[in-house]
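Any read-out appearing in this document is the output of simple, stated calculations on the displayed coordinates, not a laboratory observation. Since the model is a prediction, treat every value here as computed from it, not as a measurement. Don't worry about glycine lacking a Cβ; one is built from the backbone with ideal geometry, like all the others, and counts go over all protein chains shown.
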Amino acid sequence: MNLEEYKIAIDNISRQAEIEKKRIATEYALSNNPVSIGDIVEDHFGKFQVTSVEFYYSMPPCCKYRGIELKKDSTPKKNQSNRVVFQSNLIKDYTK
């Protein structure tokens, strides 16, 4: 084995480790996720209806929710604006 082969082997190990770290982080975030698509949740800015769930690889890993903003009566706002909320910022969830 020469130096170039060594560097390639180390890079491959590093890439595989990063893939495995993301898999474990995603598994952790999903197992601690109380919200589903379609649920109405609230944070300190207001309510919104979840349209998608993504992952945020922080420490600890958590979910990131995209959704449509709602008025106080839980109907969509006129402008149909979307926003993102992190799982750690949820105040209350209104799961089905």
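General remarks:
- Site pair GLU27 and LYS72 shows an inter-label distance of 4.6 nm when each label is modelled 7 Å from Cα along Cα→Cβ.
- When +1 charges are put on Lys and Arg Cβ atoms and -1 charges on Asp and Glu Cβ atoms, the dipole computed for the chain relative to its Cα centre reaches about 580 debye.
- Geometric extent, Cα atoms of the range 3-94 - Rg, Dmax (angstrom): 18.3, 66
- Going by neighbour counts of Cβ atoms within 10 Å, the residues ASP43, ASP73 line up, fewest first, as ASP73, ASP43.
- Panel order for PHE48, PHE86, by other beta carbons found within 10 Å of each beta carbon, from fewest to most: PHE86, PHE48.
- Residue exposure proxy: TYR65, TYR28, ordered by other Cβ atoms within 10 angstrom of their Cβ from fewest to most, comes out as TYR28, TYR65.
- Close amide H partners of PHE55, meaning residues 5 or more places away or on another chain with modelled amide H under 5 Å apart, are LYS64.
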